[in-house]
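A quick write-up on the structure given underneath.
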Amino acid sequence: MNYYYLVERDYSKPSWAVSEVSNIRKTLPKHFPNPALPPAINSFFSLLPYQKMPLKTQYMSIACKTCGRYDDDAIFDLGFSDPVTIRIKVDFAHTDDRVFAVNQKFLDVLRKGKVEGFETKPLGSSGWHAIRVIERVDCDESVMKLIGPFCKECGRPEQIPGIFTKLEELSLPSRSNVIFTTKTGLAKPYRDRTTFLTEDVVILLKEAGIKGGWCHRLWTREEVDKMDEKAKQGNKWKPKGAVITL
């Protein structure tokens, strides 16, 4: 069986589930467009102030008082109350405050297909749902590079580059038709963990017309060796059909 990791599209308009967004236009600094940049780029960079949005009161006790980072599981356990702002134009994405959000269509497809490995909670009255992946596997933690400075209170690093792309980097689930992720959570700026799918789940989503990103197949050792060999020769190589667009 093949296994895939999920990559989502980028969006210019932010969405929030756990951040305090009331009076947002009164509290955020104004954005002054750079005439030298295209409108789309200006729109993207105008989102930078939103990255420091304060959490709603009910979540403040579980966030680090120094760096503001928080554990996604603790957030999910508390649930999600209004107001929730969802501006996602497809069927799934992470909000700007790191909640994996899916619409009713996406959730119905998973339930009808009897997909396992996840649980959900409603995102207030928005009609969207937060997903927590509960099928978790061991991983090669050295894939992620922890770059300081490190928070003096919670120890979280400033940056955590790295992505799991190879089969050998994960202890794969023993069953099919499942969504899974790593046991290790790293509190990255935009999401805590990577979402992985067994091939049958990818096919299910594709056939149902779910939109919102790409499913990249995890490489085998033989494929990695061939890519490295081709790279030494100055050539790029990737097997056909390794990326499925949703």
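Quick look at the numbers
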| item | result |
| --- | --- |
| Gyration tensor verdict on region 163-214 (Cα atoms; rounded if a/c is under 1.5, prolate if a/b is larger than b/c, oblate otherwise) | oblate |
| Orphan Cys of the chain, criterion: no other Cys C-beta under 4.7 Å | Cys139, Cys215 |
| In region 166-246, chymotrypsin sites (Phe, Trp or Tyr not before Pro) in a DSSP loop with at most 16 other beta-carbon atoms within 10 Å | Tyr190, Trp237 |
| Value of [θ]222 nm, deg cm²/dmol, for the chain, DSSP H segments ≥ 4, -39500 (n - 2.57) each, nearest 500 | -5000 deg cm²/dmol |
| Share, in percent, of DSSP beta bridges within the chain that are antiparallel, nearest 5 | 85 |
| Candidates Arg98, Arg217, Arg87, ranked by Gaussian network fluctuation over the chain, Cα under 10 Å, top entry | Arg87 |
| For region 204-234 versus region 50-93, the gap between their alpha-carbon centres in whole angstrom | 32 |
| Length added when fully stretched, Ala74-Glu229, from 0.36 nm per residue minus Cα-Cα | 51.4 nm |
| Cα long-axis angle, helix 221-232 against the chain (0 to 90 degrees, to the nearest 10) | 80 |
| Correct option for percent of Cα pairs over 28 Å apart [calculated from the coordinates] among [x] 46; [y] 42; [z] 39 | [z] |
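Each value in this text was obtained by applying a stated rule to the coordinates, not by laboratory testing. The model shown is predicted, which means the values in this text are computed figures rather than measured ones. Cβ atoms come from the backbone with ideal geometry, glycine included; neighbour counts cover every protein chain shown.
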